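The structure appears below as C-alpha cells.
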Amino acid sequence: MATPNRWLSGRHAAALLGLYLLLHLLLEQPAEALHLVALNAATADVALAWLDGIGVHLVREGSLVMHAGGFVTEVHQSCTALLPAALLLAAIALHPARSAPRLAGMLLGLVLVTLLNQCRLVGVIWVGVQAPALFPLVHDGLAPAALVALTLGYGLAWARWARRTDNLPGGCSVEG
C-alpha cells in the first residue's frame, strides 16, 4: 500500500486519468441510454430555482433551459456533478488513510462537489442570460477550471487532514 507521502503515485494518476477518459466518453452518450434524464432534469431544476431566487426567470423544456431574452442552453449529464464527484471519490478511495477518514472525506466531498457544481451551473447560465458573448469563455474555460481547482483543493486539504489524523499519538497506522 502507498505511503501517505506518495498517495498520488504514477499508477494512481494513471487510474484517475483512465477513469476520467472512460466517464467522459460514457457521458457523451444520450441521457436516455444512460438513464440519466431525471438527474439532468433535477440538476437543471435546482439551478433554475436558484436563478429564480435572484430574479432571473427561465423555463425548462426537456433538457433545454430558456430565457425570454433569447438565451437557450442544454443541461445534460456532463453538466451534473457525476464526473468530478466520481474522480474525487476514486482519489480518496486510493488514499491509504483508515476507513473512517476516507468515508468522511468521501461523504463531505460528495456534498461539496455537488454544491460547487450547482454554483458553477448557476453562474454559467447567469452569464449566458446577462452577457451571452462571455458564455463560451465561462462555460468552456473559467467555470470548469474553477470547479477542478476547488475540487483538487478539497482533495489535497482532506489528504493533509487524513495524514495528520493517522499520525496522532496512539492512532492507527495507515496500513491498519
For the stretch 107-114, Karplus couplings with θ = phi - 60° (6.51, -1.76, 1.60), whole Hz, Gly/Pro x: 5, 5, x, 4, 5, 4, 5, 5
Note, ³J(HN,Hα) from phi for the stretch 79-91, Karplus 6.51, -1.76, 1.60, rounded to Hz, x at Gly and Pro: 8, 7, 8, 3, 5, x, 5, 4, 5, 5, 4, 5, 4
Label-to-label distance, nm, for residues given as Q130 and A146 (7 Å Cα→Cβ offset): 1.0
Label of the coordinate-derived value, Cα extents along the principal axes in Å, listed as (i) 99, 37, 24; (ii) 62, 33, 27; (iii) 77, 33, 26: (ii)
With every protein chain in place, the stretch 1-139: carbon and sulfur % of accessible area (1.4 Å): 69
Spin-label model distance (nm) - V37 vs A49, 7 Å beyond Cα toward Cβ: 2.2
Two-site FRET efficiency, S78 against R11, from Cβ-Cβ distance with R₀ of 30 Å, rounded to 0.05: 0.65
Peptides 76-83, 137-144, 112-119 ordered by average Cβ neighbours within 10 Å, highest first: 76-83, 112-119, 137-144
q = 0.23, 0.27 Å⁻¹, the stretch 13-52: log10 I(q)/I(0) [Debye, one scatterer per Cα]: -0.76, -0.83
Principal-axis tilt of helix 143-166 within the chain, Cα atoms, nearest 10 degrees: 20
Computed magnitude of the charge dipole of the chain (debye, nearest 20; Cβ of K, R +1, Cβ of D, E -1): 860
Estimated [θ] at 222 nm from DSSP helical runs (n ≥ 4, -39500 (n - 2.57)) normalised by residues in the chain, nearest 500: -21000 deg cm²/dmol
Accessible area per residue, Å², the stretch 35-167 with all protein chains present, probe 1.4 Å: 50
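The values are calculated or read from the model by the stated rules, or taken from the named source; none is laboratory data. Bear in mind that the values here come from a model prediction, so they are computed numbers and not experimental data. Every residue, glycine among them, receives a Cβ derived from its backbone with ideal geometry; neighbour counts consider all protein chains shown. SASA here: full protein model, heavy atoms, side chains in, ligands and nucleic acids out. Shrake-Rupley method; radii C 1.70, N 1.55, O 1.52, S 1.80 Å.
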